[in-house]
Amino acid sequence: MLLISFASFVSAQKGHFGFDTITRGTEYSFPVFHSPADSIVEIKINVFLQLFELQLLADKDETNLFKELRITDDSIVFGATSLIFEVIENSDKILSVAVSKEWCGASCNHWTAYYNFNSGNGDMMSIYDFIEKDKINIAISVINGKRTFNFLNQLKNLNSEQAIDTTAVFNEIDNSNLDFFYFRNDSLFISDEECLSKFEKAYYDLNMITGFSTAELKPYLNEYGKTVLSISKKDISKFSGNKFPQLYKGKTNDSIEFYFTFDFYYDFNGSGFIAMEKERTIHSFDGRFENNNFDLTEHDNNYYDVGFIKAALVNGKIIGSYKSVNGKINYTFSATKM
């Protein structure tokens, strides 16, 4: 069934950030956040979420945020068939947002992404930001041990005829980057839903969320972590996110302003976007970031190569160049973290 491009607004003020909810039917909803104190913070959060979830840089008062999501009008369904957000934590320290979606190709898959923002400056948060450097290995061992126990403790409830690839799940837990997490009421929760195959997620009734209290994590926390979990009362805005993904802003050599993001999906490999602010155009790319150097390829919607980016991260600034495949577009650029 073809879904019409109709969207509606619902405003909400729950906690530190207010937000508008843009919907299309019951299958799509997305937030637009409003900071009570700093417009740069709300820009960072909104642009980041729009790029990663919608592949879109919305115009002011944009109501059709879902126009880039593809759904066919015949018997073949391809693309995002649903996208629903939830604000989990909304305090003056943390904004935790979950985005659950179903994407269909030859078959359908469901997953949930989690975004955790520093409410004071809009930086993305990583679990690794919160742990003392000399305690990372032991902290990760303790965290993974509890995640493994949570999974093992549920296997006894499965029927004898239900087979699950436990080795694959263990490997995923041991090798994951702890990207799927959120905060609620001064506790940290890690989701291991993505450690399951799409069939295991669909057919097995497993709770793949593992919770960690402040007391459990306290021995390993640095000052940032202690502030996040209310052990310290330091100003949260003074702490920076040191790991990708983060939002950068810059200019080309002909003064065109843009946003830049990048995130890893395996080892040094990852993907991201360059979004031209005035034209509201999005350029998606993938490639490698290794030894502070980017080697990236831009693709069109049919995944044909369009252009190439060579750049380096130097003293917190991304400096590089872009060249189109046909050689007609060339520019240099620089960007700094917002």
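The values are calculated or read from the model by the stated rules, or taken from the named source; none is laboratory data. Values in this document were obtained by computation on a predicted structure and should not be read as measured data. Neighbour counts run over all protein chains shown; Cβ positions are idealised from the backbone, glycine included.
Structure above, values below:
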item: Among the residues listed as E290, E298, the single one being in the same structural domain as S271 (by TED's automatic domain parsing), modelled with pLDDT of 95 or more and loosely packed, with under 13 Cβ neighbours inside 10 Å; result: E290
item: The stretch 7-51 - residue that is touching a strand residue (DSSP E or B) at 6+ places or on another chain (Cβ under 6 Å) and under 19 Å from G79 (Cα atoms) and, of those, modelled with the lowest pLDDT; result: A7
item: Subset of the stretch 245-268 (residues that are out of contact with any Pro (no Cβ under 9 Å at 6 or more places or on another chain), among the charged types (D, E, K, R) and touching a residue at least 40 places away in the same chain (Cβ under 8 Å)); result: K249, K251, D254
item: Scope the stretch 142-201; condition part of a helix (DSSP H, G or I), touching a helix residue (DSSP H, G or I) at 6+ places or on another chain (Cβ under 8 Å) and hydroxyl-bearing (S, T, Y); matching residues; result: T148, T166
item: Every residue from the stretch 171-191 that is under 15 Å from the mean Cα position of the chain (by Cα), modelled with pLDDT of 95 or more and not aliphatic (A, V, I, L, M); result: F180, F181, Y182, F183, S191
item: Options K323, K328; residue that is without any contact (Cβ under 8 Å) to a residue 24 or more places away in the chain and touching a Gly at 6+ places or on another chain (Cβ under 8 Å); result: K323
item: Index of the failed condition, S284 passing every other in (1) hydroxyl-bearing (S, T, Y); (2) at pLDDT 95 or above; (3) surrounded by 15 or more Cβ atoms within 10 Å (Cβ to Cβ); result: (2)
item: Residue match in the stretch 269-277 (condition: assigned to a loop (DSSP other than H, G, I, E, B) and without any contact (Cβ under 8 Å) to a residue 24 or more places away in the chain); result: no
item: Qualifying positions in the stretch 239-262 - crowded, with 17+ Cβ neighbours inside 10 Å and either of a type in the set (A, V, I, L, M) or part of a strand (DSSP E or B) (or both); result: L247, Y248, K249, G250, T252, F258, Y259, F260, T261, F262
item: Residue selected from the stretch 185-207 under the condition aliphatic (A, V, I, L, M) and in contact with a strand residue (DSSP E or B) (Cβ under 6 Å, 6 or more places away or on another chain), by the criterion nearest to K93 (Cα to Cα); result: L188
item: Matching entry among L54, L65, L69 (being within 24 Å of G270 (Cα to Cα), modelled with pLDDT of 85 or more and in contact with a Leu (Cβ under 8 Å, 6 or more places away or on another chain)); result: L54
item: Set T210, T227: member being of a type in the set (V, I, T) and not in a strand (DSSP E or B); result: T227
item: Counted residues, the stretch 314-338 - those being under 18 Å from N292 (Cα atoms) and either of a type in the set (S, T, N, Q) or outside any strand (DSSP E or B) (or both); result: 6
